[in-house]
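Working notes for the structure below.
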Amino acid sequence: MTAMMGELLQSLHEEFGWTTKLLAALCGRYIYTILKREEKRLAHGRVYEPGSFYEKNAAAIAMENEPHRHPQIPMFRINLKLLRNYKILNPEKF
């Protein structure tokens with residue numbers, strides 16, 4: 001890949017003359033410096049994503065002000081069903 005890029009640069013130098021040699025040297029160093037600086041920023045924790053936020057509508061605010069209520073789930077019925085199924089699958093244990 002490096003050889004191919006070198007050939008491309010050489011053909012550009014031949015086509016456009018000394019200005020491409022000068023610009024390639026100056027712009028290449030400038031871009032390299034910017035990339036190294038960006039690498040340091042990212043290593044120190046800089047991110048490009050905006051901070052997260054959320055808005056609450058009236059219903060969410062009203063729910064927030066109410067005391068928490070646990071749903072009335074009849075847990076004993078669920079457990080009885082599970083126990084019955086377990087007895088059917090494993091009758092030797094009962």
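Quick notes on this one:
- SER52 versus LYS21: modelled label distance in nm, points set 7 Å from Cα along the beta carbon direction: 5.6
- For GLN10 and HIS44, a Förster radius of 22 Å and the Cβ-Cβ distance give a FRET efficiency of 0.05, rounded to the nearest 0.05.
- Of the trypsin sites (Lys or Arg not before Pro) in the range 11-55, those whose Cβ has at most 13 other Cβ within 10 Å and which sit in DSSP loop: ARG46
Values in this text are rule-based calculations from the coordinates and carry no lab data. Quick caveat: nothing in here was measured; it's all calculated off a predicted structure. Every residue, glycine among them, receives a Cβ derived from its backbone with ideal geometry; neighbour counts consider all protein chains shown.
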